[in-house]
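Can you keep this structure in mind? I'll have questions shortly.
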Amino acid sequence: MLSITPELSEGNQNNGFEFPDSEGEIEHEFLINKDFAVAAALSATDPDNPVSPVKIKTQPFYLDVATVDSQKSFNPMSDFTFAHSYNGASQPVQVLARRDLDNDGDQDQVTLNYSINGGATQTASTNEWDGGDRYGGPGDAYYRILRGTVTGAPMNSDVKVWFTGAGKTSDSFTFHVDKANANEVLILADTDYTGPSNFPPYTADDGTRRSCPPTRTPSPPRGGRTTSTTWTRWARPPTTSACSVTTTP
């Protein structure tokens, strides 16, 4: 079953959900939404190949969903491309892929392809991402996020990445390796977006005394592997200062 809730207009300005009791305005609202409603009904039997009233054709792969839905431009799960890597030895990459790439009714395998400095194409397997605490998981009936790992890219190299499966090929993107091996980074940040917050000093497991300056909650880097508090792989530099480190006596 395909279920869609369309956003209708409010009729007269500032009426909100109280649409005016006007046959003419109701008919107008019906007509401007009719094409979409008909397309949704026609798409119900094959949702991953929908009928589009604006002639949008779904693609087997997406590296940036905002190319077809501009409202997702600032969604952290919309654009999987990045320009810089700080872990060339083991850099995760990902793609949004249709489960049934060739429309034969079966789920298809997807392969990661990459080329380092224009060299021979290397391949690696991909695995489906199960989702995190906030993103991913539900809603993946017809498309899924697949992840693979680029390995062995030396510092200052350029890596071209693309995905293939069932005779289909995704768009590609290229990133520059600024560092071959990642350092682990611990960032403490709370969820108070109204202003900076101070964190008390603490002693780490290695005996060092650490303190954090006032900071705002940062956004996780694209391509980074995250837990609730620790980011251990970077696709680009952090946008906030890391905690200062001092050695305890």
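Go over the candidates D102, D108, D140 one by one and state the one that is loosely packed, with under 14 Cβ neighbours inside 10 Å and among the acidic types (D, E). Walk me through it before giving the result.
Numbers: D108 fails: loosely packed, with under 14 Cβ neighbours inside 10 Å; D140 fails: loosely packed, with under 14 Cβ neighbours inside 10 Å.
After ruling out the rest, the residue left standing is D102.
Between residues in the stretch 1-21 that are of a type in the set (G, A, S) and residues that are not in a loop (DSSP other than H, G, I, E, B), which pairs lie under 6 Å by C-beta distance while being six or more apart or on different chains?
Listed pairs, sorted by first residue: G11/E25.
Going by the structure shown, is R134 farther than 19 Å from V177 by Cα, part of a strand (DSSP E or B) and in the same structural domain as W162 (by TED's automatic domain parsing)? Quick ask: steps written out before the conclusion?
Working: farther than 19 Å from V177 by Cα: yes; part of a strand (DSSP E or B): no; in the same structural domain as W162 (by TED's automatic domain parsing): yes.
Spelling it out, it is not the case that R134 is farther than 19 Å from V177 by Cα, part of a strand (DSSP E or B) and in the same structural domain as W162 (by TED's automatic domain parsing).
Hey, another quick one. Restricting attention to the stretch 1-49, report how many residues are of a type in the set (D, E) and part of a helix (DSSP H, G or I). Spell out the reasoning first.
Taking the stretch 1-49 as the starting set, the residues that turn out to be of a type in the set (D, E) are 7, 10, 18, 21, 23, 25, 27, 29, 35, 46, 48.
Applying the additional criterion that residues be part of a helix (DSSP H, G or I) yields 23, 25, 27, 29, 35.
Looking only at that region, the number is 5.
Could you tell me which numbered condition S115 fails, if it satisfies all but one of (1) in contact with a Ser or Thr (Cβ under 9 Å, 6 or more places away or on another chain); (2) assigned to a strand (DSSP E or B); (3) more than 21 Å from D178 (Cβ to Cβ)?
Single failed check for S115: (3).
Taking into account only those residues within the stretch 142-165 that are in contact (Cβ under 8 Å) with a residue 24 or more places away in the chain and part of a loop (DSSP other than H, G, I, E, B), which is farthest from T81 (Cα to Cα)?
From the stretch 142-165, those in contact (Cβ under 8 Å) with a residue 24 or more places away in the chain are 142-155, 157-165; that's our starting set.
Next cut, part of a loop (DSSP other than H, G, I, E, B) only: 142, 152-155, 157.
Values: Y142: 22, G152: 19, A153: 17, P154: 19, M155: 19, S157: 17 Å.
It comes out as Y142.
The values are calculated or read from the model by the stated rules, or taken from the named source; none is laboratory data. Here the structure is a predicted model, which is why all the values come from computation and not from measurement. Every residue, glycine among them, receives a Cβ derived from its backbone with ideal geometry; neighbour counts consider all protein chains shown.
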